[in-house]
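Encoded as structure tokens, the structure appears first; notes follow it.
The values are calculated or read from the model by the stated rules, or taken from the named source; none is laboratory data. Quick caveat: nothing in here was measured; it's all calculated off a predicted structure. Reconstructed Cβ throughout: ideal geometry from the backbone, glycine too, with neighbour counts over all protein chains shown. Accessible surface is based on the protein model in full, side chains and every heavy atom, while ligands, DNA and RNA are left aside. Shrake-Rupley method; radii C 1.70, N 1.55, O 1.52, S 1.80 Å.
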Amino acid sequence: MSEGGEGNGKTEHREKGNRKKSVRRGSVSRYVIFAISVGTLSTLSFHCNLLTGPHNSTGPDTTSSNFAWTVDTIGASGSYIYDVTIVNDSLAYAVGLLMPSDSVGRSNTIYWNNAAVWNGTKWTPMQVPDYYDGKNTFSTMYAVFAFGPDDILFASGGDVEHWNGATFTTDYAVNSLINGQINKIWGSSSHDYYVVGNGGTIVHYLNGNWTKIQTSTALPFQDIWGATDPKTGQEQILAIASDKFGLGGQYLVELNGNTASHLKDTVSAQERLSGIWFEPNQRYFLVGSGIFEKDSLPSSEPWNGPFIPLDWYTFAIRGQGANDVIVAGESASISHFNGKRWIGLNDLVNPVDRLQAVAFKDNLVIAVGNRHESGVNYYGVVYIGRR
């Protein structure tokens with residue numbers, strides 16, 4: 001695994017196909033993640049002090065919302081974090097565009113990193129290679145998903161890179177099937193997984209073969225999640241498409257192998273959606289311009305919500321039980337669901353931070369995004385909570 005951003009002068013930046021990989025020098029504020037010169041800003045011993053109204057669920061109120069938080073800014077101006085995955089309590093990866101500082105502290109716009117690894121204490125920059133025509137080229141990474149410490153998938157604009165603990169392998173075959181960039185990855189193993197992205201794209205990888213799935217929508221798929229029903233042993237996989245920055249409706253699909261079934265059981269068309277998480281036949285959550293939930297799909301019952309513990313747009317949701325769910329969004333708005341009520345962690349709110357992805361494992365939460373100053377300078381930002 002190569003680390004650092006110094007390079008050898010041979011690393012090339014490229015575009016191919018219809019990717020959204022390129023970042024123009026001098027205009028990187030929109031397509032960036034994080035170069036790592038880590039500085040811890042603050043460690044917060046946090047207590048929850050904002051409750052929503054009572055939730056209609058009678059589920060168990062058994063999980064704590066008390067986390068101790070560390071907030072880091074990462075990288076020089078122009079850095080941005082797109083996604084994060086947790087392997088264990090001392091190993092995590094984040095991806096995007098990483099802007100290292102040069103010798104005098106300015107953004108280095110020649111050598112970029114595109115990922116970072118966390119060892120439980122600090123973040124270290126790294127370069128995920130994307131080989132093209134026999135050359136090691138640079139590509140912004142938009143998604144990451146871990147199956148284990150030596151089994152990690154990274155997605156650029158249109159390729160998938162696999163880390164096996166010793167080497168990276170780039171899979172180009174998916175590129176011709178992608179309508180724009182890949183936004184998220186989910187799967188049961190690195191032999192059976194899905195990538196979702198712009199232009200209504202869902203592509204299934206199974207044992208070396210890629211299949212593009214017909215979805216009948218041009219909306220960008222923002223998120224995908226799957227889980228096994230402990231009662232039936234059946235796996236359920238759902239993906240949500242929506243224009244999160246405008247009014248374009250939503251498109252919720254259930255995946256079964258290489259087939260996508262449109263579920264019209266969704267929230268009102270004016271709502272924008274960015275994330276999905278669920279436990280099959282227990283509780284389903286959609287997030288965006290509010291938090292929406294229901295107990296079963298499909299169902300004639302309307303979605304409950306929107307719950308808005310903190311008054312900002314919510315980009316991401318992950319959980320580890322129907323009574324232990326985390327959401328993150330605009331202005332560093334982070335909220336926890338304990339089975340009965342949403343609790344807004346409003347001591348964390350910062351109007352210059354936007355959190356667009358979150359990972360939650362055991363008692364560890366990592367939320368990532370960017371900090372924008374004066375609407376011009378962008379820095380990677382990481383919120384780490386330990387319970």
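Taking the criterion of being in a loop (DSSP other than H, G, I, E, B) and open to solvent by less than 30 Å² (accessible area, probe 1.4 Å), the only residue of segment 221-230 that qualifies is D229.
Yes or no, residue by residue, for (1) farther than 30 Å from N304 by Cβ; (2) aliphatic (A, V, I, L, M); (3) modelled with pLDDT under 95; (4) within 20 Å of the chain's Cα centre (by Cα):
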site	(1), (2), (3), (4)
N164	yes, no, no, no
T167	yes, no, yes, no
S216	no, no, yes, no
D229	no, no, yes, no
T232	no, no, yes, no
E235	no, no, no, no
L247	no, yes, yes, no
E254	no, no, no, yes
L263	no, yes, yes, no
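Here is a yes/no grid of residues against (1) farther than 22 Å from Y80 by Cβ; (2) open to solvent by 10 Å² or more (accessible area, probe 1.4 Å); (3) of a type outside the set (S, T, N, Q):
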residue	(1), (2), (3)
L310	yes, yes, yes
Q320	yes, yes, no
A328	no, no, yes
I334	no, no, yes
F360	no, yes, yes
A367	no, no, yes
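Considering segment 98-148, and only residues there that are of a type in the set (A, V, I, L, M) and under 18 Å from D72 (Cβ atoms), the residue that is modelled with the highest pLDDT turns out to be V144. Between V381, V358, the distinction of being closer than 27 Å to A227 by Cβ, aliphatic (A, V, I, L, M), in contact with a strand residue (DSSP E or B) (Cβ under 8 Å, 6 or more places away or on another chain) and assigned to a strand (DSSP E or B) belongs to V358 only. When you scan segment 306-328, do you find a residue that is out of contact with any strand residue (DSSP E or B) (no Cβ under 6 Å at 6 or more places or on another chain), among the charged types (D, E, K, R) and assigned to a loop (DSSP other than H, G, I, E, B), even just one? Checking segment 306-328: at least one residue is out of contact with any strand residue (DSSP E or B) (no Cβ under 6 Å at 6 or more places or on another chain), among the charged types (D, E, K, R) and assigned to a loop (DSSP other than H, G, I, E, B). Within segment 163-180, the set of residues being free of Cβ contacts under 8 Å to residues at least 60 places away in the same chain and either open to solvent by 50 Å² or more (accessible area, probe 1.4 Å) or assigned to a loop (DSSP other than H, G, I, E, B) (or both) comprises N164, G165, A166, T167, T169, Y172, A173.
Taking the numbered list (1) surrounded by 11 or more Cβ atoms within 10 Å (Cβ to Cβ); (2) among the small types (G, A, S); (3) more than 19 Å from S299 (Cβ to Cβ) in turn, G233 passes all entries but (1). Take N209 and tell me if it is more than 22 Å from L297 (Cα to Cα) and touching a residue at least 60 places away in the same chain (Cβ under 8 Å). So N209 does not fit the description; no. A residue that is farther than 18 Å from I291 by Cα and part of a strand (DSSP E or B) cannot be found anywhere in segment 238-249. Scanning segment 276-297 for residues that are open to solvent by 10 Å² or more (accessible area, probe 1.4 Å) and touching a Lys or Arg at 6+ places or on another chain (Cβ under 8 Å) yields a count of 4. L273 - would you say it is buried (at least 23 other Cβ atoms within 10 Å of the Cβ), of a type outside the set (D, E, K, R) and in contact with a Leu (Cβ under 8 Å, 6 or more places away or on another chain)? Taking the combined requirement at face value, the residue satisfies it. For L206, the conditions (1) open to solvent by less than 30 Å² (accessible area, probe 1.4 Å); (2) touching an Asp or Glu at 6+ places or on another chain (Cβ under 9 Å) all hold with the exception of (1).
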